[in-house]
Amino acid sequence: MARDMHFACRCGALAGTLRDMEPSAFTHIRCHCRDCRAAYTHLGHADPDAVGILQTSQDRVSIDRGGENLRVFRHSPRGALRWYATCCDTPLFYTPLKARLVHVGVNADVLSDDDDPGRVQAEGYVPDGKGGTRHKGAARMVGRMVPRMLSGNLSGSWRDTPFFADDGAPAVPPHVLTREQRAAALMGVKA
Ligand SMILES: [Zn+2]
Ligand SMILES: [Zn+2]
């Protein structure tokens, strides 16, 4: 059943909608990778250990108020775009740098309490207890993601997003963390 979901930053100044989130429109994952967690520590929050994420396509995201608070940083010159609300430093989304890749990860912890994203369908970078990591359900995750990317790219719906201008450039200039900022963010992430 298609339904809208709602999200907001912690202070509520920035809020928006994920439109038509039928079950095939998104994948609920948990990511244990250092970059997802360092997005929290960089913004002054505790290491979340793992981040719940709804992977979907960026045309489903609309910002209904407080869009002037949307900012973006990258952990490194090649890193994903890490979008957040500057009013209260809430991590909100990540996207690839290229709008045409048609992909966004929405942090599950910004969803309203009424919007249950359902069970976790895949997990990334799960510690294996031997110093390495492994993925669970990665084939399922990619299998759901790729058709969304292709159809969004072909249909042009990648343009219909708060994250990118029509020419595909990020809507807000990204700040690339300095080496010191990056080191400080990673220091807050437990091994
Ligand atoms: Zn806020
Ligand atoms: Zn991650």
Return yes or no: is S24 surrounded by fewer than 20 Cβ atoms within 10 Å (Cβ to Cβ), over 28 Å from L186 (Cα atoms) and more than 16 Å from ligand 1 (Cβ to nearest atom)? yes
Out of (1) assigned to a strand (DSSP E or B); (2) surrounded by 20 or more Cβ atoms within 10 Å (Cβ to Cβ); (3) β-branched (V, I, T), the odd one out for T41 is which? (1)
Per the list (1) more than 16 Å from ligand 1 (Cβ to nearest atom); (2) surrounded by fewer than 21 Cβ atoms within 10 Å (Cβ to Cβ); (3) on the phi < 0 side of the Ramachandran plot; (4) more than 11 Å from the chain's Cα centre (by Cα), residue check on G67 breaks on (1)
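If a residue counts only when it is open to solvent by less than 40 Å² (accessible area, probe 1.4 Å), which strands (runs of 3 or more DSSP E) contained entirely in segment 98-191 have at least 3 such residues?
The strands (runs of 3 or more DSSP E) meeting that bar are 104-107, 122-127.
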Could you please let me know if F164 is touching a residue at least 60 places away in the same chain (Cβ under 8 Å) and within 16 Å of ligand 1 (Cβ to nearest atom)? no
Being within 16 Å of ligand 1 (Cβ to nearest atom), touching a helix residue (DSSP H, G or I) at 6+ places or on another chain (Cβ under 8 Å) and open to solvent by 10 Å² or more (accessible area, probe 1.4 Å) narrows it down to one of A13, A46, so name that one. A13
Give Y84, Y94 a once-over and let me know the one that is under 26 Å from M187 (Cα atoms), among the hydroxyl-bearing types (S, T, Y), within 16 Å of ligand 1 (Cβ to nearest atom) and under 12 Å from the mean Cα position of the chain (by Cα). Y84
Only one of these is at pLDDT below 95, under 20 Å from S151 (Cβ atoms) and among the aliphatic types (A, V, I, L, M): L97, L101. Name it. L101
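The values are calculated or read from the model by the stated rules, or taken from the named source; none is laboratory data. Owing to the predicted nature of the structure, the values given are computational and were not obtained by experimental measurement. Note that we place each Cβ from the backbone using ideal geometry, even for glycine, and neighbour counts take in every protein chain shown. Note: accessible area is taken over every heavy atom of the protein model, side chains too, but ligands, DNA and RNA are not part of it. Shrake-Rupley method; radii C 1.70, N 1.55, O 1.52, S 1.80 Å.
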